[in-house]
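The structure appears below as structure tokens.
Each reported figure results from applying straightforward, stated rules to the coordinates on display, with no laboratory input. Quantities reported herein were computed from a predicted structural model and do not represent experimental measurements. Note that we place each Cβ from the backbone using ideal geometry, even for glycine, and neighbour counts take in every protein chain shown.
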Amino acid sequence: MARVYAVISGKGGVGKTTSTINLGTSLNKLGEEVVILDGNLTTPNIGIHLGAPIVPITFNHVLKGEAKIEDAIYEHESGTKVIPASLSLNETEKIDYKKMNDVIKKLKKITNHILIDSAAGLGEEARAAIDAADEIIIVTNPEMSAVTDALKTIKLAEEKNKKILGIIITRYRGARTEMPVSSIREMLESNILGVIPEDESIKESQSLKNSVILTHPKSKSSIQYINASKRVLGENIKLENPLKTSFLSNLFKTLRLKK
Ligand code: ADP
Ligand code: MG
């Protein structure tokens, strides 16, 4: 039976799209069948991040009953399947968000993991993604405002009887002004799936229209996204400090053999 995850946040701009793409491509790299779906129809980003901004058939056409879901699936160079939403504002008119649930039921027959990149907040779009999913992945930054908003989203998902699979903390810098990981875990009463550091490689991968796990496989963020996806698959991997560097890499740095 396919698993359906809604990747959501309370606050906007925390790293949902980045996390959806990197978890999706990580699962694919681990040999899983994955479809990434752009469920953020008013401000879609998946196509932009992955270099397919304009495609003939989008998720919008499917929701409007104008196309079949199979015809809106595109394959990224990583082999991960992607369903982009339309960038045209006109295409968001007359969309019945309740249809998302039925469409996902069909999609479940042709893949094993469906990751929905959702809209932020508690509006109609975010609610539709939660309704269509079985499991919820919450994305937050280590800041009180983002974590407080994440808590509201968790409450909403719990009211809908959805399983909170865990939290992805992104853009972690290890600064004293940040909320500690243990406090985030306590406040949200949820499992931490991954702590992704602030990493320039993420920006570079986005300018290359790809996921960091493919463009910079050895980067700190890539290692953490791979570990997070293994935790999604149920592997028991201990949470480690994502900023930790190995003895050898420190030695090379001191000797100035490596940047
Ligand atoms: P959302 O989908 O929640 O709006 P995005 O995934 O689009 O958020 O990310 C928002 C911004 O943050 C983007 O400019 C992205 O490049 C940046 N970003 C996300 N994660 C990281 C990271 N780990 N390190 C550096 N920049 C990041
Ligand atoms: Mg986004």
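In the set (1) surrounded by fewer than 22 Cβ atoms within 10 Å (Cβ to Cβ); (2) in contact with a strand residue (DSSP E or B) (Cβ under 6 Å, 6 or more places away or on another chain), residue 37 fails one condition alone, (1).
Restricting the first member to the range 197-214 and to residues that are in contact (Cβ under 8 Å) with a residue 12 or more places away in the chain, and the second to residues that are among the small types (Gly, Ala, Ser) and within 16 Å of ligand 2 (Cβ to nearest atom), the beta-carbon pairs closer than 7 Å and six or more apart or on different chains are 209/51; 211/205; 212/205.
Taking the range 131-155 as the range and being closer than 24 Å to residue 35 by Cβ and surrounded by fewer than 21 Cβ atoms within 10 Å (Cβ to Cβ) as the test, the residues that pass are 131, 134, 135.
So that you can scan it fast, the table gives a plain yes or no per residue for (1) within 16 Å of ligand 1 (Cβ to nearest atom); (2) in contact with a Lys or Arg (Cβ under 9 Å, 6 or more places away or on another chain); (3) outside any strand (DSSP E or B):
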| site | (1), (2), (3) |
| --- | --- |
| 6 | yes, yes, no |
| 31 | no, no, yes |
| 57 | no, yes, yes |
| 60 | no, no, yes |
| 86 | no, no, yes |
| 97 | no, yes, yes |
| 105 | no, no, yes |
| 114 | no, yes, no |
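Scanning the range 7-26 for residues that are closer than 14 Å to residue 211 by Cα and either surrounded by fewer than 24 Cβ atoms within 10 Å (Cβ to Cβ) or under 8 Å from the mean Cα position of the chain (by Cα) (or both) yields 15, 16, 17, 18, 19, 20, 21, 22, 23, 24.
If only residues of the range 79-110 that are buried (at least 18 other Cβ atoms within 10 Å of the Cβ) and among the small types (Gly, Ala, Ser) are counted, the one that is nearest to residue 2 (Cα to Cα) is 85.
Quick grid of which residues meet (1) outside any helix (DSSP H, G or I); (2) under 23 Å from residue 53 (Cβ atoms):
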| position | (1), (2) |
| --- | --- |
| 194 | yes, no |
| 201 | no, yes |
| 205 | no, yes |
| 217 | yes, no |
| 221 | no, no |
| 229 | no, no |
| 236 | yes, no |
| 239 | yes, no |
| 242 | yes, no |
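Quick check, is residue 79 more than 16 Å from the chain's Cα centre (by Cα), among the small types (Gly, Ala, Ser) and closer than 23 Å to residue 27 by Cα? So residue 79 fits the description; yes.
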